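Note sheet for the following structure.
The values are calculated or read from the model by the stated rules, or taken from the named source; none is laboratory data. Computed from a prediction, not measured in an experiment: that's the story for all the values here. Every residue, glycine as well, gets a Cβ built from its backbone with ideal geometry; the counts of neighbours run over all protein chains shown.
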Amino acid sequence: MARSFNLVIMMGNLTRDPELRQTPSGQNVCNFSLALNRSYRDANGEWQEATDYVDVVAWGPLGERVSQYLTKGRRCMVQGRLQSRSWEQDGQKRNKVEVLASDVTFLDGRGDNAGSNDNEAVDAPAPTASKKAKKDVVIEDVSDEPINLDDIPF
């Protein structure tokens with residue numbers, strides 16, 4: 001049987017603070033949820049905004065780092081795989097599809113307090129005027145031949 005491919009990469013904002021718990025065996029697990037915003041055109045051609053909410057699970061040291069550094073509203077990128085779970089609750093069978101994170105990249109810097117309720121100090125030094133400005137390089141075509149658009153690779 002051929003192997004399947006299960007890879008998820010998504011970027012969004014946390015909908016709530018991460019919840020770090022420990023299994024009975026002592027393994028750390030962190031649950032959080034991402035809001036993924038998207039735009040689309042409706043039947044009338046008008047732009048509409050929609051948000052999808054995706055639950056994410058991070059295990060072990062990755063989960064510890066997520067719970068330590070991310071808070072509600074912060075942006076992050078999650079790489080992982082889809083995983084489905086099923087259980088029975090109050091006599092009803094429940095199913096859930098979530099993302100099992102293998103890597104989480106924090107996208108907001110320390111100074112970006114988007115969604116952060118604490119007043120953390122910013123350790124980054126202020127920009128100074130002594131830094132040299134990057135100069136733009138201009139290349140001029142001095143050839144008298146016209147440019148053939150078929151020669152341009154893009």
*Name the pairs whose Cβ atoms lie under 6 Å apart, with the first residue in segment 1-13 and within 20 Å of Tyr69 (Cβ to Cβ) and free of Cβ contacts under 8 Å to residues at least 60 places away in the same chain, the second of a type in the set (D, E, K, R) and part of a loop (DSSP other than H, G, I, E, B), and 6 or more positions between them or separate chains?*
none
_It is to be established whether one or more residues within segment 60-75 are in contact with a Ser or Thr (Cβ under 8 Å, 6 or more places away or on another chain), at pLDDT 95 or above and in a strand (DSSP E or B)._
no
_Residue within segment 40-59 that is surrounded by fewer than 10 Cβ atoms within 10 Å (Cβ to Cβ), of a type in the set (Ser, Thr, Tyr) and either in contact with an Asp or Glu (Cβ under 8 Å, 6 or more places away or on another chain) or under 19 Å from Glu98 (Cα atoms) (or both) present_ = no
*Can you name the condition, by its number, that Thr23 falls short on among (1) of a type in the set (Ser, Thr, Tyr); (2) surrounded by 14 or more Cβ atoms within 10 Å (Cβ to Cβ); (3) without any contact (Cβ under 8 Å) to a residue 24 or more places away in the chain?*
(2)
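Looking for whichever is within 22 Å of Glu19 (Cα to Cα) and at pLDDT below 60 here; the options are Ser116, Ser130. Which one fits?
Exactly one residue qualifies, and that residue is Ser116.
Give the residue, chosen from Ala35, Ala101, Ala43, that is touching a residue at least 40 places away in the same chain (Cβ under 8 Å) and small (Gly, Ala, Ser). I'd like the intermediate steps shown before the answer.
Numbers: Ala35 fails: touching a residue at least 40 places away in the same chain (Cβ under 8 Å); Ala43 fails: touching a residue at least 40 places away in the same chain (Cβ under 8 Å).
Every option except Ala101 fails the conditions.
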_Restricting to segment 22-56, and then to whatever is under 24 Å from the mean Cα position of the chain (by Cα) and among the β-branched types (Val, Ile, Thr), can you tell me which residue is nearest to Gly80 (Cα to Cα)?_
Val56
